[in-house]
Amino acid sequence: MLDSEMERFLAQPRYWLMYALPWPTTDPNVGMAEAAHVIAPSTVPSGQRDRLPQDVADLLGYVDVYASEHPDQRVVWFTDVTRWLEWEKDSSWSALGVEWEDALAELARLPLLGLYMTVNRRAYHHLINTAERFRVTYTDGHSEVLTDGERRAVHEAFEHKLDEDWPAYVRDMVASGHLTVG
């Protein structure tokens with residue numbers, strides 16, 4: 001059992017990092033898929049970050065800086081950080097020497113407190129978007145531009161879902177013995 005301060009720390013992190021996983025190739029037209037992964041970077045103790053692969057530690061460091069500059073944003077998408085680097089910092093992951101694809105793949109394999117999420121295809125399009133203007137063309141030939149207003153709404157929906165589901169997830173992980181604090 002966790003004490004109340006530790007449970008609050010784990011169950012109500014300051015922010016989550018959410019990033020897209022590959023969309024299923026077996027049925028690419030499926031409407032929903034487990035295609036997102038969420039972690040709470042603040043639950044990785046700073047002493048543990050020294051033991052992470054360098055690209056993962058660097059990526060999490062930049063995500064922390066982004067989150068501190070955007071304190072109102074509780075769900076930080078990897079693409080938010082990528083946009084920020086390019087649009088506000090005039091930089092990129094490669095300019096910073098971060099192999100971001102390797103880092104994201106490694107995040108899913110590391111024993112970190114994380115949650116896989118099922119997302120619909122439209123939300124997934126927003127989750128992978130780093131462009132200022134994003135046009136989606138469908139297999140039937142029609143296309144549309146996804147708006148920043150809709151992107152904000154998708155962000156809010158994910159935040160609401162995580163606010164609801166994350167605390168129960170942490171309690172279940174502790175109760176099952178899959179999460180211990182020592």
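The values are calculated or read from the model by the stated rules, or taken from the named source; none is laboratory data. From a predicted model like this one, the values you see are computed outputs, not experimental measurements. In this analysis, Cβ positions are derived from the backbone assuming ideal geometry, glycine residues included, and neighbour counts consider all displayed protein chains. Protein only, heavy atoms only, side chains kept; ligands, DNA and RNA dropped before computing areas. Shrake-Rupley method; radii C 1.70, N 1.55, O 1.52, S 1.80 Å.
Largest to smallest in accessible area, the residues R122, R74, R14 fall in the order R14, R122, R74 (1.4 Å probe, all protein chains included). Entry note: the stretch 1-77 has Rg to Rh equal to 1.06, where both radii use alpha-carbon atoms and Rh is the Kirkwood radius. Computed from backbone phi, the HN-Hα couplings of the stretch 56-71 come to 5, 4, 5, 4, 5, x, 5, 5, 4, 5, 4, 4, 5, 7, 10, x Hz, rounded to whole numbers (Karplus: 6.51 cos²θ - 1.76 cosθ + 1.60, θ = phi - 60°; Gly and Pro given as x). Inter-label distance, W87 to A57: 3.1 nm, where each label sits 7 Å from its Cα along the C-beta direction.
Restricting the GluC sites (Glu not before Pro) of the stretch 1-102 to loop positions (DSSP other than H, G, I, E, B) with no more than 16 neighbouring Cβ atoms within 10 Å leaves E88. Note that the chain presents 56 Å² accessible area per residue, ligands and nucleic acids not counted, probe 1.4 Å. Of the labelled figures (1) 67, 38, 28; (2) 55, 35, 32; (3) 93, 37, 26, only one reflects Cα extents along the principal axes in Å as derived from the coordinates, namely (2). Estimated at the nearest 10 Å², the accessible area of T130 is 60 Å² with a 1.4 Å probe.
Be a star and scan the stretch 1-33 for residues whose amide nitrogen sits under 16 Å from the point 7 Å along the Cα-to-Cβ vector of R122. Only 30-33 fall inside the zone, counting backbone N under 16 Å.
Summing +1 for each Lys or Arg and -1 for each Asp or Glu among the other residues whose beta-carbon sits under 14 angstrom from that of G31 gives 0.
Between amide H atoms placed 1.01 Å from N, distances below 5 Å from L21 occur with A36, H37, all of them 5 or more places distant or on a separate chain. Relative to the longest principal axis of the Cα atoms of the chain, the long axis of helix 148-175 lies at roughly 30 degrees. Along its first, second and third principal axes, ordered by size, the stretch 137-182 spans 54, 23, 16 Å in Cα coordinates.
For the stretch 118-159, with all protein chains in place and a probe radius of 1.4 Å, 48% of the accessible heavy-atom surface sits on carbon or sulfur.
Given +1 on the Cβ of Lys and Arg, -1 on the Cβ of Asp and Glu, and no further charges, what dipole in debye does the stretch 47-182 carry about its Cα centre, rounded to the nearest 20? Please list the in-between numbers first.
On the way: 14 positive and 25 negative charges, 65 e Å.
With only Lys, Arg, Asp and Glu charged at Cβ, the dipole is about 320 debye.
Here is the list for the stretch 119-182: GluC sites (Glu not before Pro) lying in DSSP coil, each with at most 16 other C-beta atoms within 10 angstrom of its C-beta, are E132. For the chain, find the longest principal axis of its Cα atoms and tell me its angle to the long axis of helix 100-109, 0 to 90°, nearest 10. The two axes meet at around 50 degrees. Sorting M117, M173, M32 by accessible area puts them as M32, M173, M117; the probe is 1.4 Å, largest comes first, and only protein heavy atoms count.
Note on A153 and R8: with the Förster distance fixed at 22 Å, the Cβ-Cβ geometry gives a FRET efficiency of about 0.20.
May I ask you to compute the full-extension gain from V30 to E132, defined as 0.36 nm times their residue separation minus their alpha-carbon distance, rounded to one decimal in nm? Write down the numbers at each step before the final one.
Values: separation 102, 0.36 × 102 = 36.72 nm, distance 2.63 nm.
Fully extending the segment from V30 to E132 adds 34.1 nm.
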